[in-house]
Every structure is written in C-alpha cells, then in structure tokens.
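The values are calculated or read from the model by the stated rules, or taken from the named source; none is laboratory data. From a predicted model like this one, the values you see are computed outputs, not experimental measurements. Note that we place each Cβ from the backbone using ideal geometry, even for glycine, and neighbour counts take in every protein chain shown. In case anyone asks, the SASA skips ligands and DNA or RNA and just uses the protein heavy atoms, side chains included. Shrake-Rupley method; radii C 1.70, N 1.55, O 1.52, S 1.80 Å.
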There are 2 protein chains.
Amino acid sequence: MAEKMADKIVTEMAPGTPPRSAARPRKEMIAETKAKLIAAARHAFARQGYAEASMDDFTAGAGLTRGALYHHFGDKKGLLMAVVTQIDAEISDRLCEISSRADNTWRGFVDECVAYIEMSLEPEIQRIMLLDGPAVLGDPSQWPSQSACIRTTTASIQKLIDDGTIRPVDAEATARLVNGATLSAALWIASAEDPKAVSKKAVEAFLTLVSGLLVER
Amino acid sequence: MAEKMADKIVTEMAPGTPPRSAARPRKEMIAETKAKLIAAARHAFARQGYAEASMDDFTAGAGLTRGALYHHFGDKKGLLMAVVTQIDAEISDRLCEISSRADNTWRGFVDECVAYIEMSLEPEIQRIMLLDGPAVLGDPSQWPSQSACIRTTTASIQKLIDDGTIRPVDAEATARLVNGATLSAALWIASAEDPKAVSKKAVEAFLTLVSGLLVER
DNA sequence: TCAATTCACATACGGCACGTATGCGAATAA
DNA sequence: TTATTCGCATACGTGCCGTATGTGAATTGA
C-alpha cells in the first residue's frame, strides 16, 4: 500500500510537465481515483449486491480507503448513483447504435426492445439497474441521469408516430410501458430453468403486444 | 413490558378451558405473535424501507424482541417473505373480485390491469412489493408465493384466448409483460409531479398497447 | 396429580459496517 | 518561498445484526 503510493507519485512526475500550470496531472489523478472507485464498486455491487458489498473491502481492492469514497461521492448511495449513471449511458449508446443500424424505423424499434431484453439478462445489469438501483435510489424516472435509455426509446417511438407507422400515442408513456414489459420479461427469462424456451415465448408475446401500436398490423 | 406479559397470561387463562387437550390457546398465542410481527414489520418496511427498518425497534413496537423474530422467521429476510406473501394474497383477492364483477371478460381484464396500477400507487405496495421485495428476495417469479397475482392475470388471459377474444399467445408470457408494463406505469405515476395527468396518459397508452392482443380491435 | 420435557421467547455477547471528525502531505497560488 | 487548498488516510463512536444461552410456562405421560 505504501509502495503503491510511491508508484503513483513517480508516474505522475514522469512526463515532461510544462513549467506553467501543471494542473493536468492533478486533475487526472482525481479522475483516475474516481474511475477506480466506480469500477471497483461496480464489480462488487454486481457480484455481491449493494447491501452485501463492504465499502472497506472494495475500496481496498482499488488500493484506496473509504476516505476517498466519502470525499468524492458523499456516501455509498452517491457511489451507486455514479455507477448507475455510467451503466445507463452505456446501455443508451448500445441501443442507439442498434436502432440506427436497422433498415426501417419499426424494425429498428423492435430490435432495440429485443436488445434491451438481452442486455437485461446480463447479471450485472439485472442486479444493479433492475434490482438494487430502484430499491436504493427510488424509481429510475427520478434519477438525475433521467434514465437515458428511456429517452432513447421515447425518441424512437416519436419517430414512428411522426412517420405514421404507429398510432398517435403519448411517446413517453408508451416508452415506459414497453420498457417495463421488457424489463419484466428479462427478469423472468433470467430466473427461468430453460431461458431459451422462455425467451422465445416472451419475444413472441411481446411482438403481439406491440402490434397494438401499429396503425395497420 | 413486564405488565404486558402479565396481561397476556391473564387473558389466556380467562375462558373455561376444557380439561382435555387445552392445546388451542397455545397455538393461538403463537399465531398471534406471528401476526403481530408481520404487521409490525409491514408497517416498518412500508414507512422506512427494508434496509432502514431496525428489527429491535419494530419488534419492541409489537411488545416483543428479536428473539421471537428469529424463532419464527429465521431472519429478517424470512420475515420480509412472510409480509410479501401476505400482501400478495391480498392483491390477488382484490384483483379476482374486480375481474369477476365485470360484464364481459375483456372488460374484466382491462379493469383488472387498471386496478393493479391503482394498487401499485399505494406507498406500501410500491415500497415492499416493487422496490425492496425484488432487491432482497430476487425476482418475484421465484418467490414461493409464486406471485399469486401473476397467476390471476394469467388465468384471465387464458380465458380470453379460450373465448376467442384475443389472439392465441402464451398466457403466462403475456401476463408477465402486461404486469411489467403496469408496474412500470405505477412507479412512473407515483413519482410524477402531476399524478392525475400522467395517469391518464399511461392508461391511454396502455389501452393502445393491449389492443394488440385482440383478434379484432 | 406430579415429574419430565418441550418450546416460545428474552437476554447477553461479539463483530461488522457505516458515518464523522481529524490529521497529513503534496500540489497549487501568492 | 510561504501560505493555502484539498485529496485522501486514519481513528473513533455507534447501531444493527446473528448466535449462543437462559428461563419459565405449557404440554405430555404415568
């Protein structure tokens, strides 16, 4: 632990720092510390769950102590919020890419939903985003990240309304309903004995359900 | 605390107990203790959340100690499970009654869903069943109570398939999707600034969505 | 009716995890 | 170069939980 400290100091002094305002390395160190804490927490929360994850343990795993955590994130909840925001952004990015890759808008929308279900099967996302996140931080719609992935879905739906593919409904409301449905499906599939079979049934039923949105099916 | 103990002893000795096998009062005392613990926990979990609720506090509120809790429920999780099972049964009952009161099956199904959304607006149900329950006990589909209300919805859907109102989908899969959608809607509404307005939008969108299930809409 | 046993529940103990207060030392600013 | 900021570690107190143990009332059997 003491040598690690020394390591850091060496590396940060290594590059030729311009004489005036060597402010960068300082900021970089801070950013690195934050990133380390978020990464460590993310692993711990995913593997053990939020409640069981000991701050002493996973901060030590990152070569730090709880002091750094409290300094940067306020408390354990604050750190969870940071982790959630990071994952939320990643999901949003992946969804955007998928929907933009499809031939037509409707196809893109469906692909997006299926992709969301698949992502929700990842244990990390289930545990952090679907189970512990809401319990500790309250409903996602209240999160500062404002659930980027909800906004993504809302945008997709709005596009479908605009181009006349689906009936004129409230885009956000529909996005939330669809989101909830896919989320529930994911939890179901993940805890099923035969995920493959259940997944097939879920997707089929989902397609039938969303066909209700179409102007003509 | 000591006098309370005395009270109990007096009341239980009061009625004329038949000579043979006075086993009832004993069983009744146990059932009463369990019920008290469940009720106290239910209040505490609803008001403060599972994690913040102190076992010492709410058992004392019921005139008991943690000793009784561990004896009957094993641990805090076990008690939460008992609370969840109780609430689950209540919800199921209410849903059954509502759907059976409607003129036709489809109407009953829709009423049931709307009622579910409304119930989910109750803080107690939100907190215990939708937030803490899944986080602590895992996905509802794994609960011993097997989520009675999911079964209720599944039954309703199966009936609708049988009488040709909706297209032949997998009943359970659809029930879960619909359930997830309504659940998500409830969380959204509950945390909205203007619940009335949001509720209206959610129900509208919901009706559009489930129209996809109908054979002819 | 009386002794033995069960068992519902309380008490006592140890430990872990958290939040706060405080201290140090390096980077910045003057 | 001196003063100050601030990122982070250390130290301390507290509350909550799980287990081990104790006790007295209810039950069983002769």
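Computed from Cα atoms, the angle from the helix A:2-13 axis to the main principal axis of chain A rounds to 80 degrees. With everything on Cα atoms, drop me the angle between helix B:76-100 and the longest principal axis of chain B, reported from 0 to 90° to the nearest 10. Taking the Cα atoms of chain B, the angle to B:76-100 is about 50 degrees.
Quick check: from the Cα gyration tensor, does region B:114-217 come out rounded (a/c under 1.5), prolate or oblate? Since a/c reaches 1.5 but b/c is at least a/b, the shape of region B:114-217 is classed as oblate.
For the pair A:Asp93 and A:Glu28, label points projected 7 Å from Cα toward Cβ lie 2.1 nm apart. Taking Cα centre as origin and charging only the Cβ of basic (Lys, Arg, +1) and acidic (Asp, Glu, -1) residues, the dipole magnitude of the protein assembly as shown rounds to 720 debye. In the context of the full protein assembly, B:Tyr116 retains an accessible surface of approximately 20 Å², using a probe radius of 1.4 Å and ignoring ligands and nucleic acids.
How would A:Lys27, A:Lys36 rank on accessible area, largest to smallest, probe 1.4 Å?
Details: A:Lys27 135, A:Lys36 70 Å².
Correct descending sequence by accessible area is A:Lys27, A:Lys36.
When shorter helices are ignored and each DSSP H run of at least 4 residues is given -39500 (n - 2.57), the per-residue value for chain B at 222 nm works out to -22500 deg cm²/dmol.
Could you tell me which of the pairs B:Lys159/B:Lys200; B:Lys36/B:Lys77; A:Lys34/A:Lys77 are separated by over 21 angstrom between their Cα atoms in the structure shown? Distance filter (> 21 Å) returns B:Lys159/B:Lys200. Starting from the Kirkwood radius over alpha-carbon pairs of the protein assembly as shown, derive D by Stokes-Einstein at 37 °C in a medium of 0.692 mPa s and give it in µm² s⁻¹. In µm²/s, the coefficient rounds to 134. Relative to the longest principal axis of the C-alpha atoms of chain A, give the angle of the C-alpha long axis of helix A:171-190, reported between 0 and 90° and rounded to the nearest 10°. Rounded to the nearest ten degrees, it is 80. Applying 1/(1 + (r/R0)^6) with R0 = 25 Å to the Cβ-Cβ distance of B:Asp162 and A:Asn104, what FRET efficiency is obtained, to the nearest 0.05? It comes out at approximately 0.10.
The charge dipole of region B:24-74, taken about its Cα centre with unit charges on the Cβ of Lys, Arg, Asp and Glu (plus for the first two, minus for the last two), comes to roughly 300 debye.
Each copy carries a label point for A:Gln158 at 7 Å from Cα along the beta-carbon vector; from one copy to the others these points are 4.3 nm apart, nearest first.
Placing a label point 7 Å from Cα along the Cα-to-Cβ direction at A:Arg47 gives distances to the equivalent points in the other copies of 3.9 nm, listed shortest first. Seen from B:Ala44, the other residues with C-beta closer than 14 Å to its C-beta sum to a net charge of +1, counting Lys and Arg as +1 and Asp and Glu as -1. Amide H contacts for B:Ile166 (H built 1.01 Å from N in the peptide plane; partners 5 or more residues away or on another chain; cut-off under 5 Å): B:Ile161, B:Val215.
Loop-only check: which trypsin sites (Lys or Arg not before Pro) in region B:76-111 are DSSP coil with at most 14 other Cβ within 10 angstrom? Those satisfying the criteria are B:Arg101. Chain B holds its axis-closest Cβ, relative to the rotation onto A, at the residue and whole-Å distance B:Gly212, 1.
Ranking A:Ala46, A:Ile30, A:Ser184 by how far each Cα lies toward the positive end of the dipole of chain A (charges on Cβ) leaves A:Ile30 at the top. Using a 7 Å projection from Cα along Cα-to-Cβ, the label point at B:Ile30 is separated from the same position in the remaining copies by 6.2 nm, smallest value first.
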